[in-house]
Protein chains: 2
Amino acid sequence: MATHCAPFTSNLRNPSPPTTTHPHSHTLQSHNCTTFTGGLKFTPSLNLKVSAMEPKSSVRVQAASSSSFGDLAVMVNDCSGKMGGAVAEAAVGAGLQLVPVCLTGPGLGRSFSVQGVSVEAVDSRDREGVMDQVLKEYPNVVVVDYTLPAAVNGNAEFYCSRGLPFVMGTTGGDREKLIEDVLKSGVYSVIAPQMGKQVVAFQAAMAIMAEQFPGAFSGYKLQVTESHQSTKVDTSGTAKAIIGSFQKLGLAYDMEEIEMVRDPKRQIEEMKVPEEHLNGHAFHTYRVVSPDGMVNFEFQHNVCGRSIYAEGTVDAVLFLAKKIRERADKKLYNMIDVLREGNMR
Amino acid sequence: MATHCAPFTSNLRNPSPPTTTHPHSHTLQSHNCTTFTGGLKFTPSLNLKVSAMEPKSSVRVQAASSSSFGDLAVMVNDCSGKMGGAVAEAAVGAGLQLVPVCLTGPGLGRSFSVQGVSVEAVDSRDREGVMDQVLKEYPNVVVVDYTLPAAVNGNAEFYCSRGLPFVMGTTGGDREKLIEDVLKSGVYSVIAPQMGKQVVAFQAAMAIMAEQFPGAFSGYKLQVTESHQSTKVDTSGTAKAIIGSFQKLGLAYDMEEIEMVRDPKRQIEEMKVPEEHLNGHAFHTYRVVSPDGMVNFEFQHNVCGRSIYAEGTVDAVLFLAKKIRERADKKLYNMIDVLREGNMR
C-alpha cells in the first residue's frame with residue numbers, strides 16, 4: 001500500500017494543455033505526488049495487468065453510450081473494481097455516457113469491458129495527464145469514487161485540485177478532512193457513507209419520526225438482528241443510526257444487544273438470505289413490542305448485491321449534474337439532498 | 001335505535017344547579033331531546049338492567065382512583081362497552097380518577113365494575129342531570145367517547161353544549177359536522193379515527209417520507225396483506241393512508257390489490273395471528289421490492305386486542321388536560337398533536 005512518486009512512463013507525462021476548461025474548475029492547487037494511496041479494489045476474477053495502460057488508448061477517449069442527459073459523462077474510479085463496475089453498469093443502463101477511462105492503483109493499469117464497452121484503467125500515477133485528456137473530451141464530467149478507505153482523502157484532494165465535481169461512495173478515511181477540503185475547494189460533491197437511496201429514505205423517516213414524536217414508543221422493547229457476509233466483522237452504521245432513532249422514540253436499547261448473524265446456515269434458514277448472496281448482503285430486522293406483548297412492529301431492509309448502491313450513485317450523479325447546471329450556491333450534498341430532489345429519471 | 005323524548009323518571013329531572021361551573025364551559029346551547037342516538041355498545045356477557053339507574057348512586061360519585069394528575073378525572077362513555085371498558089381500565093391503570101358514572105343507551109342503565117371499581121351506567125336520557133352532578137364533583141373532567149357511529153354527532157353536540165372537553169374515539173357519523181360543531185363550540189377535543197398512538201406515529205412517518213422524498217421508490221413493487229377479525233368486511237383506513245404514502249413514494253398500486261385475509265386458518269398459519277386473538281386483531285404487512293428483486297423492505301404493524309387504543313386514548317386525555325391547563329389557543333387536536341407532545345407519563 002506504499003505510495004511513491006513514480007516518474008511518468010508515458011506521453012501522459014507531458015500532456016498538451018486542455019483546450020477546454022472544466023466549467024467548474026478553479027485555481028489548481030499543487031499536489032506533488034499525491035497519488036491514489038492504498039491501491040484500489042479489483043475483481044479477483046479479472047486478469048490484472050501490472051503494466052500501465054497504453055497511453056494512446058487513454059487519450060482517444062470516446063463516449064461509451066449515447067445519452068439523454070446532454071453532454072454529461074461519468075468517470076468511475078475504479079470501475080475495474082466490484083462496486084465501481086456495478087456503478088459503471090448502472091450508468092450505462094441509465095443511458096449515461098461512461099468515460100472509457102478510469103484511474104486505478106499504481107502499477108495496476110489494464111483494459112477491460114463494462115457491458116461491452118471497452119474501458120482502460122490507467123495507473124493513478126498518470127492521473128494529471130489522464131484528467132487533462134478526459135476534461136478535454138468530456139468537459140461536463142462527474143467523477144464517481146469507489147476505491148479504498150486509505151485513498152479517500154488523496155483522491156478527494158486531487159478532484160478538488162482539478163475542480164472536478166464528484167460523488168464519493170468510498171467509506172472511511174478522514175471524513176472531517178474530506179468535508180473541509182471539499183468546502184474549501186468549492187467543487188460540487190455528494191458525499192455519503194450509504195448510497196442505497198431507499199435505505200437512506202427509511203433511515204431518514206425513522207429519524208424524523210423520532211425527532212417529531214419523542215417517546216412515542218416508551219415502554220416498548222426493541223430487538224435488532226442483522227446479517228451480512230461473514231467477512232464483515234463490525235455491525236452496520238445504518239443499523240446504529242436507526243437504533244439511535246428508536247432510542248429517541250423511547251426504547252431502551254444498548255448497541256451491544258444487536259444480534260449479528262454471520263453463520264451461513266442461520267443466514268439462509270432464519271434470515272432468508274438467498275444462498276447465492278451469502279457473500280454480499282445486508283439484511284436488517286427491527287422488532288418493536290409493546291409492554292403487554294399485544295402490539296408488534298417489524299421493519300426490515302434486506303439488500304442483496306450492489307445494485308441499490310449503484311443505482312443510488314447514478315441518482316447522485318444526475319443530482320449533481322442538475323445542481324451544476326442550476327449553478328446552485330450550495331456545493332456539498334448528501335443522499336438526503338438527493339432524495340429531496342425527487343425522482344430524476 | 002329510535003330516539004324519543006322520555007320523561008325524566010328520577011330526581012335527575014330537576015337537579016340542583018351545579019355549584020361548580022366547569023372551567024371551560026360556555027353558553028349552553030339548547031338541546032331538547034338530543035339523546036344518544038343509535039344506542040351504545042355493550043359487553044354481551046354482562047347482565048343488562050333495562051331500568052334507569054338509581055339516582056342516588058349517580059350523585060354520590062366518588063373518585064375510582066387516587067391520581068397524580070391533580071384533580072383530573074375521566075368519564076368514559078360507555079365504559080360498559082368493550083372499548084370503553086378497556087379505556088376505563090387503562091385510565092385506572094395509569095393512576096387517573098375514573099368517574100364512577102357513565103352514560104349508556106336509552107333503557108340500558110345498570111351497575112358493573114371496572115377493575116374492582118363500581119361504576120353506574122346511566123340511561124342517556126338522564127344525561128343533563130347526570131352531567132350536572134359529574135361537573136359538580138369533578139369540575140376538571142375530560143370525557144372519552146367510545147359509543148357507536150350513529151351516536152357520534154349527537155354525543156358531540158351534547159359535550160359541546162356542556163362545555164365538556166372530550167376525546168372522540170368513536171368512528172363514523174358525519175365527521176365534517178363533528179369538526180364544525182366542535183370548532184363552533186370552542187371546547188377542547190381530540191378527534192381521531194385511529195387512537196393507536198404508535199400506529200399513527202408509523203403512519204405519519206411514512207407520510208413525511210413520502211412528502212419529503214417523492215418518487216424515492218420509483219420502479220419498486222408494493223404488496224399489501226392485512227388480516228382482521230372475520231366480521232370486518234372492509235379494509236382499514238390506516239392501510240389505505242399508508243398505501244397513499246407509498247404511492248407518493250413512486251410505487252404504482254391500486255387499493256383493489258390489497259389482500260384481505262379473513263380465513264382463520266390463513267390468519268394463524270400465514271399471518272401468525274395468535275389463535276386467542278382471531279376475533280380482535282389488526283395485522284398489516286407491506287412488502288416493497290426493487291425492480292431487480294435484489295432489495296426488499298418489509299413493514300409490519302400487528303395489533304392484538306384493544307390495549308394500544310386504550311393506552312393511546314389515555315395519552316389523549318392527559319394531552320387534553322395539559323392543553324386546558326395551559327389555556328392553549330388551539331382547541332381541536334388529533335393524535336399527531338398528541339404524539340408531538342412527547343411522552344407525558
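The values are calculated or read from the model by the stated rules, or taken from the named source; none is laboratory data. The structure presented is a predicted model; accordingly, all values stated were derived computationally and were not measured. Every residue, glycine as well, gets a Cβ built from its backbone with ideal geometry; the counts of neighbours run over all protein chains shown.
Worth a mention:
- Remark: residue B:327 falls outside the filter, which requires a residue to be within 19 Å of the chain's Cα centre (by Cα) and free of Cβ contacts under 8 Å to residues at least 60 places away in the same chain.
- Selected residue [at pLDDT below 95 and not β-branched (Val, Ile, Thr)] from A:248, A:272, A:232: A:232
- Filter pass, residue B:172 being farther than 26 Å from residue B:311 by Cβ and part of a loop (DSSP other than H, G, I, E, B): no
- Every residue from segment A:310-336 that is closer than 15 Å to residue A:93 by Cα and among the β-branched types (Val, Ile, Thr): A:313, A:314, A:317
- The single condition from (1) surrounded by fewer than 15 Cβ atoms within 10 Å (Cβ to Cβ); (2) outside the structural domain of residue A:84 (by TED's automatic domain parsing); (3) not in a helix (DSSP H, G or I) that residue A:327 fails is (2).
- Matching entry among A:288, A:338 (being touching a strand residue (DSSP E or B) at 6+ places or on another chain (Cβ under 6 Å) and either within 11 Å of chain B (Cβ to nearest Cβ) or within 30 Å of residue A:76 (Cα to Cα) (or both)): A:288
- Residue selected from segment B:243-254 under the condition away from chain A (no Cβ under 12 Å) and of a type outside the set (Asp, Glu), by the criterion surrounded by the fewest Cβ atoms within 10 Å (Cβ to Cβ): B:252
- Taking the criterion of being surrounded by 20 or more Cβ atoms within 10 Å (Cβ to Cβ), out of contact with any Gly (no Cβ under 7 Å at 6 or more places or on another chain) and in a helix (DSSP H, G or I), the residues of segment A:274-317 that qualify are A:307, A:310, A:311, A:314, A:315, A:316, A:317.
- Residue within segment B:158-168 that is closer than 24 Å to residue B:281 by Cα and not assigned by TED's automatic domain parsing to the domain that holds residue B:240 present: yes
- Options B:101, B:143: the member that is modelled with pLDDT of 95 or more, buried (at least 24 other Cβ atoms within 10 Å of the Cβ) and either out of contact with any Phe, Trp or Tyr (no Cβ under 9 Å at 6 or more places or on another chain) or not hydrophobic (A, V, I, L, M, F, W, C) (or both): B:101
- For segment A:75-97, filtering for residues that are touching a strand residue (DSSP E or B) at 6+ places or on another chain (Cβ under 6 Å) and buried (at least 21 other Cβ atoms within 10 Å of the Cβ) leaves 12.
- Any chance residue A:219 is more than 30 Å from residue B:250 (Cα to Cα), in contact (Cβ under 8 Å) with a residue 40 or more places away in the chain and more than 7 Å from chain B (Cβ to nearest Cβ): yes
- Scanning segment A:176-194 for residues that are within 29 Å of residue A:235 (Cα to Cα) and either of a type in the set (Phe, Trp, Tyr) or touching a residue at least 24 places away in the same chain (Cβ under 8 Å) (or both) gives A:177, A:178, A:179, A:181, A:182, A:189, A:190, A:191, A:192, A:193, A:194.
- Residue count, segment A:199-233 (criterion: under 21 Å from residue B:213 (Cβ atoms) and not small (Gly, Ala, Ser)): 10
- Which numbered condition residue A:123 misses (of (1) buried (at least 23 other Cβ atoms within 10 Å of the Cβ); (2) within 30 Å of residue B:201 (Cβ to Cβ)): (2)
- Unmet requirement for residue A:271, which otherwise passes all of (1) away from chain B (no Cβ under 14 Å); (2) surrounded by fewer than 21 Cβ atoms within 10 Å (Cβ to Cβ); (3) in contact (Cβ under 8 Å) with a residue 24 or more places away in the chain: (1)
- Residue selected from segment A:181-216 under the condition β-branched (Val, Ile, Thr) and not in a strand (DSSP E or B), by the criterion farthest from the other protein chains (Cβ to nearest Cβ): A:187
- For segment A:291-330, the set of residues classified as aromatic (Phe, Trp, Tyr) and more than 8 Å from chain B (Cβ to nearest Cβ) consists of A:309, A:319, listed by residue number.
- Residue selected from segment A:188-227 under the condition among the aromatic types (Phe, Trp, Tyr) and buried (at least 23 other Cβ atoms within 10 Å of the Cβ), by the criterion nearest to residue A:305 (Cα to Cα): A:202
- Positions within segment B:232-242 being more than 14 Å from chain A (Cβ to nearest Cβ) and in contact (Cβ under 8 Å) with a residue 40 or more places away in the chain, in sequence order: B:236, B:237, B:239
- Qualifying positions in segment A:180-211 - acidic (Asp, Glu) and not assigned by TED's automatic domain parsing to the domain that holds residue A:247: A:180, A:181
- Selection of strands (runs of 3 or more DSSP E) fully inside segment A:77-143 by the criterion of at least 2 residues being among the β-branched types (Val, Ile, Thr), touching a residue at least 24 places away in the same chain (Cβ under 8 Å) and on the phi < 0 side of the Ramachandran plot returns A:101-104, A:117-123.
- Segment B:330-345 - residue that is closer than 19 Å to residue B:178 by Cα and basic (Lys, Arg) and, of those, surrounded by the most Cβ atoms within 10 Å (Cβ to Cβ): B:331
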